[in-house]
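Presented below is the structure to which this report refers.
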Amino acid sequence: MRTVAIINQKGGCGKTTVAINLASALAAENKKTLLVDIDPQGHCAVGLAVPEEQIEQSIYDVLISSRRGEPVKPTEILWEIGDNFELAPASIDLAAFEQQTNGVTDRENCLKDVLKTVEQDFDYVVVDCPPAVGILTFNAIRASTDVIVPVETGYFSLHGLSRQLDTLSVLCKQCSQHINVMVLASMYDIRTKMGREILADLRKHFSGRMFQTVVNFNTKLKEAASLGQPICEYDPASRGHKDFQCLAQELIATDTMVEPKQIASAIQKTEPQTQIVEKSQDRKEIVKNFDDKLDAISSSAQELMASLNEPQPKTRAKIMRDIDGRLNDFYGTRQFGGAVKFVTLYPRARSVQIAGDFNNWQPQQTTMKPAQDGKWELALTLAPGKYRYRMVVDGQWQQDPYNEQVEMNPFGEFNSVLEVK
């Protein structure tokens with residue numbers, strides 16, 4: 001069984017769209033596929049029209065029970081989406097997973113242990129991760145054979161790419177495991193000069209570490225998600241469907257996850273013993289060089305950022321227009337004059353509060369206001385300085401999923417960090 005984690009710390013890069021449609025495309029290729037959502041926002045269920053009120057148990061129940069002696073079987077929570085395609089939905093309870101497993105032995109292997117119980121039932125597992133580095137993302141990495149980093153072909157996404165790859169390099173080394181990390185260009189608009197230039201630079205710097213397939217900007221993908229359908233069902237003739245079909249086929253073509261007995265049997269029928277030894281040595285050499293490959297990916301990202309730090313005047317003007325057009329779409333924190341605006345996305349939350357050292361960690365003093373489409377907003381006037389804070393979602397404390405700046409607190413969890421200038 002091959003497990004593919006879709007990871008990016010930056011929101012808005014089409015991560016969940018990639019997860020849903022890649023899983024659907026793999027199923028269409030006659031691969032038994034499981035989509036696992038470990039993002040507390042639970043967008044995979046929304047994007048596949050699974051009624052929230054009918055989700056009695058989620059992947060949270062399976063993960064948390066795996067360390068409590070009365071495990072919930074994954075088969076008890078799965079939803080059949082289509083032929084060869086099942087979903088393990090998420091719930092807001094996942095936001096408390098890090099806090100509730102604090103001090104639990106081997107908590108970073110909960111997902112890995114759960115997936116072992118279904119490895120005979122599926123060919124592929126696709127894991128949609130939260131847009132933050134924490135114990136849930138660490139679980140996904142521990143369980144994975146592959147990591148896909150979707151990257152929007154826009155200038156600002158490259159800032160997150162460099163940090164994302166550096167983080168993956170550190171996490172993989174901490175895990176002492178070898179994972180195939182690949183970059184996927186997504187939301188590509190061939191009509192824009194900037195998009196074409198950035199895609200060319202990505203291919204130049206990442207070479208064989210990037211998928212040949214590109215996911216183009218396609219309105220049909222958004223329409224399909226709004227109606228709770230993968231693109232292969234909503235519009236099989238669309239460009240979006242063809243992109244994910246090609247991505248699935250490219251991923252399958254690189255599949256080396258064959259059972260050892262099958263490998264030995266197949267090789268013995270066609271090759272002498274000396275060639276078996278040579279192939280084994282080749283595989284060991286590939287594994288040995290993996291850490292160097294990760295470091296090279298991070299170095300390439302840094303070089304790419306350096307080459308784009310001084311865009312041409314016309315490009316810079318376009319960047320400023322893009323900023324103005326996206327001011328109302330951002331999530332996270334942003335400073336406007338003397339005020340700091342917090343924006344986050346929790347479509348199912350009943351209340352969202354902020355607790356930090358600026359309010360003596362009293363969340364009731366700073367309750368966010370609900371806005372359209374599941375957004376929550378709050379503007380605070382803060383003096384210049386460095387602040388630590390956490391989100392409190394329906395009473396559950398967690399880091400801000402849209403703020404990449406974090407630091408460990410005395411309880412072994414992560415506080416989000418904000419610097420006001």
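FYI, it's all coordinate maths here, none of it is from the lab. Note that this is a predicted model, so its numbers are computed, not measured. A quick note on method: Cβ atoms are made from the backbone with ideal geometry, for glycine too, and the neighbour counts reach across all protein chains shown.
The label-point distance for Q362 and R196, in a model that sets each label 7 Å from Cα toward Cβ, rounds to 5.9 nm.
Could you grab the relative contact order for region 357-421? Cα pairs under 8 Å, six or more apart, rounded to a whole percent. Across region 357-421, relative contact order equals 29 percent. Taking other Cβ atoms within 10 Å as a rough exposure proxy, C232, C246 sort from fewest to most as C246, C232.
Over 20 Å apart at the Cα level, from the set K31/K242; K15/K341; K15/K242; K15/K220, are K15/K341. Label positions at R203 and V104, each projected 7 Å from the Cα along the C-beta direction, are separated by 4.5 nm. Residue ranges 137-143, 410-416 sort as 137-143, 410-416 when ordered by packing (mean number of other C-beta atoms within 10 Å per residue, highest first). Once the mean of 1/r is taken over each pair of separate Cα atoms and inverted, region 330-420 shows a Kirkwood hydrodynamic radius of 13.1 Å.
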